[in-house]
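Trainee: Below is a structure I'd like to ask you about.
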Amino acid sequence: MENFVIEMLDIRKEFPGIVANNNITLQVKQGEIHALLGENGAGKSTLMNVLFGLYQPEKGEIRVKGKKVNITDPNVANDLGIGMVHQHFMLVDTFTVTQNIILGNEPRKFGMIDMKRAEKEVLELSERYGLKVDPQAKISDISVGMQQRVEILKTLYRGAEVLILDEPTAVLTPQEIKELITIMKSLIKEGISIILITHKLKEIMEVCDRCTVIRKGEGIGTVNVSETNPNELASLMVGREVNFKTEKKQAEPKHAVLSITDLRVHDARNVPMVKGLNLEVKAGEIVGIAGVDGNGQSELIEAITGLRASEAGRIMLNEKDITNLTPRKVTQSGVSHIPQDRHKFGLVLDFPIGENMVLQTYYQQPFAKGGVLSFKNVYQHARTLIQEYDVRTPSEYTKARALSGGNQQKAIIAREVDRSPDLIIAAQPTRGLDVGAIEFIHNKLIEERDKGKAVLLVSFELDEIMNLSDKIAVMFDGDIVATVEPGEINEQELGLLMAGSKKEKVGGE
Amino acid sequence: MLSTRMINLIVPIISVVLGLLAGAIIMLIFGYNPIAGYIALWNGAFGNVYFFGETIRQITPYILTGLAVAFAFRSGLFNIGAEGQVIVGWLASVWVGASIQAPTIIHLPLTIIAAALAGALWGFLPGLLKAKRGVHEVIITIMMNYIALHVANYLIRNVLTDKSDSTAPIENTASLASEWLMEITGYSRMHYGILIALFAAVIMWFLLEKTTIGYELRAVGYNQHASNYAGMNVGKNIILAMMISGGFAGLAGAMEGLGTFGYMSANSSFTNLGFDGIAVALLGGNTALGSVIAAFLFGILKIGALNMPTSAGVPSELVEIDIALIIYFVASSYIIRWTLLRFFKKEEK
Ligand SMILES: Nc1ncnc2c1ncn2[C@@H]1O[C@H](COP(=O)(O)OP(=O)(O)OP(=O)(O)O)[C@@H](O)[C@H]1O
Ligand SMILES: [Mg+2]
């Protein structure tokens, strides 16, 4: 008999109006990295929450090291050596790294927390597994990648032998992903088993031993990664063939929609982040901004959309000055914005998904008349969008919070594209989406381009930039350092430009 | 599985029952008969028409302060300042009620509007400071309570009267009192204000749930970043929420000024109507209908309890402990909710 650490047999979990998991079987071998693959809303997070004791299954059996167990809450999971890093982190922002790690398991001395010992233990742990952190840093001061390490350390500190990572790479930059992969490899050397949820097939091919696929809540099967390829995985999970390379016609750029001159923007701490930037996006083209996170991309977007005041320079939309207008005015001038942080900016999580679909337009006809909302029209509109964009939700009255991460993203994209603006600003639009949904969103953006809209794309995914853009603007240290066409450059060269190598501008400008 | 709706209904009921039980235990410990005590409480609230009228009178301002706190809460704000807003509302109503001569149809609305505006002004300041400077509204509203109390006392003694401790009675044209209501309730102080309070509840529900203004206020209450992103003016909405909340509390003051008393006295301590409003809103789940129901419960407890010392011999100190216990259990309803959920989760398997 095989040596399984975790066995989930015939698991079924229902939510009101939806079966999230039905007859799913997942068996994880000791010391392997086991991928869990499925479309947005397929039920991956739900299945892992069942394993972690956050949800109780309606049916099915869970075995840990061959023994049948009853995981009634996360404490039981901890005691069984199961640790989980959630899709959205659960850290106390105002606490230090150490405080977060020991929270709930504090080492004590005379009834008081022994901080010295705690910090020593954290440091030991971080050295042993190669997870570098600063034990005394505050969570709010460290990068997302660092926060993720803290989450992993938190589970290791509690003695986890099985680690669940729910879409850990969705929020990371390519560099951070590389580091995480190294960390995972060193973890399995130490005998830890990992269940990895990811939509990036490349990552599965690179680090995983086996992969279990679920589709619409149903278990499809488990394959050995060495015997499969990305295309097969994709079609297993979606149930049809998927195109990785988006087909598109040659762009036909027309008049300039967005033109930015000498823009200067400071961040919240008043540090200059955008330093005299010039940029133009024409109707009928997709301009992709490539760059390493933190080179001023966020500040640039915030300045265009009115979320942040710019210090100097001019932003013109269709020859109209929109510099430092309020977000409402910018929106009304014809700008849509798919924000990078969907929980912070994109959604009111406690509103029903239907009400989230009119977040900018609730006061306009037909959604309101004389200041009174017409819920009939609001929800009618939501039903249309949910259909058209294949947002998987039990109903339009479901709170946005209850949707799977990818479906929240699809809802935002539906809302922003549907407003039919002149300019669409898409920041990491496919973050956390499955390959099918990515294909769909890419086609949507291209469709909008072909309708004569201008699209400004910001992404840390070089694939996405190369695939989608008609023109690539490389951003480094607050300025556009090069403008190239995707055909005349490869990923290596692009990577060099993004790292700030002052290579001669490639191609003509 | 229990639906959220059911839980929202069951939790307050359990809270109240537990509170009553705990109160009973306290009475037993001190050698009083809890059954006699609670019968006295019931009779004290509904035993005859007079008590009934008094209970309704007490419920009236509770509804309004409950609405005030609930409204702010739904907009993401904690208005501890309802107390001060009640005081300035009361003062404004009495001031306008006594100093102007006009027919009822003009005078009465004018006094009521004055009270609402005074309360709104008292809410405006904390709202402004929160919106522009990020000062936490809890701190400012607590300070505003003391300012209201002492400013009102000063005005009563030095401006409205010549060193007297209470103002002149309001004109009849500004009064909410009703000969008819008093007569059928055995000359209790019940007045028409209950209609205003119930109407205010309808307004709150409509404003919050049905209008674009309410949509914005709720959005800002849940997520300021997303609201800002969506083009809403977050600061404006914070100020507006505090003003509307203050307006409701100001109306509660008018109920006392124009209905119950017809004048205002200099006070050495707070009325507690505003503070009790926090408990009313909490028990009512911060909804309009919930606040009305919770206000009924509080009014019944408050008036009914007055009868416990005389009818059941329970000392009034113990009665206060009893009421405090009920509030305690209401405030800890979170724990009850949690236990319920856990219990049913286990059952499910
Ligand atoms: N708490 C909840 N209440 C109601 N429905 C829920 C809840 N959590 C998840 N669901 C529903 O269950 C289904 C599965 O969601 P889940 O989060 O497991 O998907 P997922 O596979 O993790 O997707 P993604 O890749 O987008 O994160 C979805 O249809 C979702 O709407
Ligand atoms: Mg998920």
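Each reported figure results from applying straightforward, stated rules to the coordinates on display, with no laboratory input. Quick caveat: nothing in here was measured; it's all calculated off a predicted structure. All Cβ positions, even for glycine, are placed from backbone atoms using ideal geometry, and neighbour counts span all protein chains on display.
Trainee: Please arrange B:Lys236, A:Lys109 by counting, for each residue, the other beta carbons lying within 10 Å of its beta carbon, fewest first.
Mentor: A:Lys109, B:Lys236
Trainee: I've got another one for you. What nm value, rounded to one decimal, do you get for the distance between B:Ile35 and B:Asn267 when each label is placed 7 Å out toward the C-beta?
Mentor: 4.0 nm
Trainee: For region A:323-480, calculate the relative contact order in percent as a whole number, restricting contacts to Cα pairs under 8 Å that are 6 or more residues apart.
Mentor: 24 percent
Trainee: Here's something else I'd like to know. How many nm is it between the label spots at A:Asn75 and A:Arg419, if each spot is 7 Å from the Cα in line with the beta carbon?
Mentor: Placing both labels 7 Å beyond Cα along the Cβ direction yields 4.7 nm.
Trainee: Something else now. Round to the nearest 0.05 the FRET efficiency obtained for A:Gln30 and A:Asn377 when R0 = 41 Å and r is the Cβ-Cβ distance.
Mentor: Result of the calculation: an efficiency of 0.15.
Trainee: Fewest Cβ neighbours within 10 Å first, please rank A:Asp350, A:Asp293, A:Asp434 accordingly.
Mentor: Listing A:Asp350, A:Asp293, A:Asp434 from fewest to most nearby Cβ atoms yields A:Asp350, A:Asp293, A:Asp434.
Trainee: With Cβ to Cβ distances under 11 Å as the rule, what net charge do the other residues near A:Gly406 carry (K, R +1; D, E -1)?
Mentor: Net local charge, A:Gly406 excluded: +1.
Trainee: For the protein assembly as shown, what ratio Rg/Rh do Cα atoms give with a Kirkwood hydrodynamic radius?
Mentor: We get a ratio of 1.03 for the protein assembly as shown.
Trainee: Just to be sure I understand the model, the point goes 7 Å from the Cα along the line to the Cβ. What's the resulting A:Lys189 to A:His88 distance in nm?
Mentor: About 3.6 nm separates the two model spin labels.
Trainee: If you don't mind, another one. Using Cα centres only, tell me the gap between region A:63-136 and region B:82-119 in whole Å.
Mentor: 59 Å
Trainee: Across peptide B:230-238, how many C-beta atoms of other chains are within 10 Å of each residue C-beta, on average?
Mentor: Across B:230-238, the average partner-chain Cβ count within 10 Å equals 4.
Trainee: Return the percentage of antiparallel bridges among DSSP beta bridges fully within the protein assembly as shown, rounded to the nearest 5 %.
Mentor: Just about 60 percent of them are antiparallel.
Trainee: I've got another one for you. Just need the relative contact order of chain A here, percent rounded to a whole number, with Cα pairs under 8 Å and 6+ apart.
Mentor: Reported relative contact order: 15 percent.
Trainee: Please give the length that would be gained between A:Lys59 and A:Glu127 if that part of the chain were fully extended, namely 0.36 nm times their separation in residues minus their C-alpha to C-alpha distance (nm, one decimal).
Mentor: 20.4 nm
Trainee: For region B:63-298, take every pair of Cα atoms, bin their distances at 10 Å starting from 0, and report each bin as a whole percent.
Mentor: For region B:63-298, the pair-distance distribution reads 9, 33, 35, 18, 5, 1.
Trainee: So how compact is chain A: Cα radius of gyration and Dmax in angstrom?
Mentor: Gyration radius and largest Cα-Cα distance of chain A: 23.8, 74 Å.
Trainee: Which whole number gives the average, over all residues in A:344-353, of C-beta atoms from other chains lying within 10 Å of the residue C-beta?
Mentor: Shielding by partners across A:344-353 averages 5.
Trainee: Right, something else. Please figure out what share of the DSSP beta bridges in chain A is antiparallel and state it in percent, rounded to the nearest 5.
Mentor: Among the beta bridges of chain A, antiparallel pairing accounts for roughly 60 percent.
Trainee: Classify region B:180-305 as rounded, prolate or oblate from the Cα gyration tensor: take a ≥ b ≥ c as the square roots of its eigenvalues, call it rounded if a/c is under 1.5, otherwise prolate when a/b beats b/c and oblate if not.
Mentor: prolate
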